[in-house]
Amino acid sequence: MRAKRTPVLKTQLNGEGHSFPIYSLAVLGSDKANNIVSLSDNGRLCVWPMEMMTSPQRSFDLKYNAKEVCATCMEFPQNETNEFYIGAEDYLLYSAQIQSNVDIGRENSGIVDAYPSHCAPITSLSFHPLQTWNKGSAYEHLVLTSSMDWTVKLWNPKAGKIPLASFESSQDYVFDVKWSPTHPSVFVSCDIEGYVDVWDLNTDMENPVLHHKKNSAAIHRLAWSQDGKKLVTGGIGGVVNMYDVDKEYVNPKPEEFERFERLMASNSDDSGAE
């Protein structure tokens, strides 16, 4: 970024770009070449070359059953540049592809599959950040979804359309969910009542290990530091809070990985049997 009042580059309002609010962004590629992927709430997806943003390199409207997908959030699995997942206003979790085998313009433009997931709009997605720790492991494709139906759900979209688990500690809209970047079984969620819930699935699948509320202001967004030592929350009142994370969650023991692998393998078997 340059120390100027105007952007170095910006997109233009044209027929190929966006004309509705942009809800999600992702930067894909390597250290030498990057593309920006943007998704607006009417389902328009655009891929922009980083060095030239006057017009998208590729753009199309995501559709399912000939209807536009009203997207609320988007997430790419780690090291993935084509396949991605979308949470939507119609309560569904979608898998999609930028370079799709589904012909653009047909009934399911860009959409590969749909997962009946929640009873209200999905507010966020979070793929397990340690999925490359062990290729072929039981949690390689794990993703969390949060929703206005007061729940967080855990999925393995590659294994089936039934959630592995549902977490129901909140009594109102859940706005965000994020896996810990360091501990395999820890994630955090936040809701409109101002609660921040820390979950350790190795310890308890039914209740969070911490149910914290600083005040009554809704918490909208969460972020971890890369080393897992800090947790940051952003609320409706414009306040950002930072918390220190307990050492046992920052530096997990090797057996925590093994326990979580066994837990997820067991849950996958139970889910598949239903």
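The values are calculated or read from the model by the stated rules, or taken from the named source; none is laboratory data. Please read all numbers here as calculations on a predicted model, not as lab measurements. Note that we place each Cβ from the backbone using ideal geometry, even for glycine, and neighbour counts take in every protein chain shown. Please note that ligands, DNA and RNA were not included when accessible areas were found on the heavy atoms of the full protein model with its side chains. Shrake-Rupley method; radii C 1.70, N 1.55, O 1.52, S 1.80 Å.
For this structure, a couple of remarks:
- The stretch 230-247 residues that are over 19 Å from Ile192 (Cβ atoms) and open to solvent by 80 Å² or more (accessible area, probe 1.4 Å), paired with ones that are at pLDDT 95 or above and in a strand (DSSP E or B) (beta carbon under 7 Å, 6 or more apart): Met242/Lys230; Met242/Val232; Asp244/Lys230
- Any pair with Cβ under 6 angstrom, 6 or more apart, that starts in the stretch 76-92 at a residue that is within 14 Å of Gly110 (Cβ to Cβ) and ends at one that is among the acidic types (Asp, Glu): Tyr85/Glu75
- Any pair with Cβ under 6 angstrom, 6 or more apart, that starts in the stretch 13-34 at a residue that is free of Cβ contacts under 8 Å to residues at least 60 places away in the same chain and ends at one that is outside any loop (DSSP other than H, G, I, E, B) and charged (D, E, K, R): His18/Arg44
Condition check ((1) of a type in the set (Phe, Trp, Tyr); (2) in contact with a helix residue (DSSP H, G or I) (Cβ under 9 Å, 6 or more places away or on another chain); (3) in contact (Cβ under 8 Å) with a residue 60 or more places away in the chain; (4) closer than 27 Å to Arg262 by Cα) across all residues:
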{"residue": "Lys161", "(1), (2), (3), (4)": "no, no, no, yes"}
{"residue": "Ser166", "(1), (2), (3), (4)": "no, no, no, yes"}
{"residue": "Val174", "(1), (2), (3), (4)": "no, no, no, no"}
{"residue": "Ser180", "(1), (2), (3), (4)": "no, yes, yes, yes"}
{"residue": "Pro184", "(1), (2), (3), (4)": "no, yes, yes, yes"}
{"residue": "Val188", "(1), (2), (3), (4)": "no, no, no, yes"}
{"residue": "Gly194", "(1), (2), (3), (4)": "no, no, no, no"}
{"residue": "Asn215", "(1), (2), (3), (4)": "no, no, no, no"}
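- Residues considered: Val102, Val143. Of these, the only one that is open to solvent by 10 Å² or more (accessible area, probe 1.4 Å) and either touching a Ser or Thr at 6+ places or on another chain (Cβ under 7 Å) or modelled with pLDDT of 95 or more (or both) is Val102.
- The single condition among (1) surrounded by 23 or more Cβ atoms within 10 Å (Cβ to Cβ); (2) of a type outside the set (Val, Ile, Thr); (3) assigned to a loop (DSSP other than H, G, I, E, B) that Leu154 does not meet is (3).
- Test for Gln226: is it open to solvent by 30 Å² or more (accessible area, probe 1.4 Å) and under 17 Å from the mean Cα position of the chain (by Cα): yes
- A count restricted to the stretch 195-217 and to residues that are at pLDDT 95 or above and closer than 15 Å to Val240 by Cβ stands at 1.
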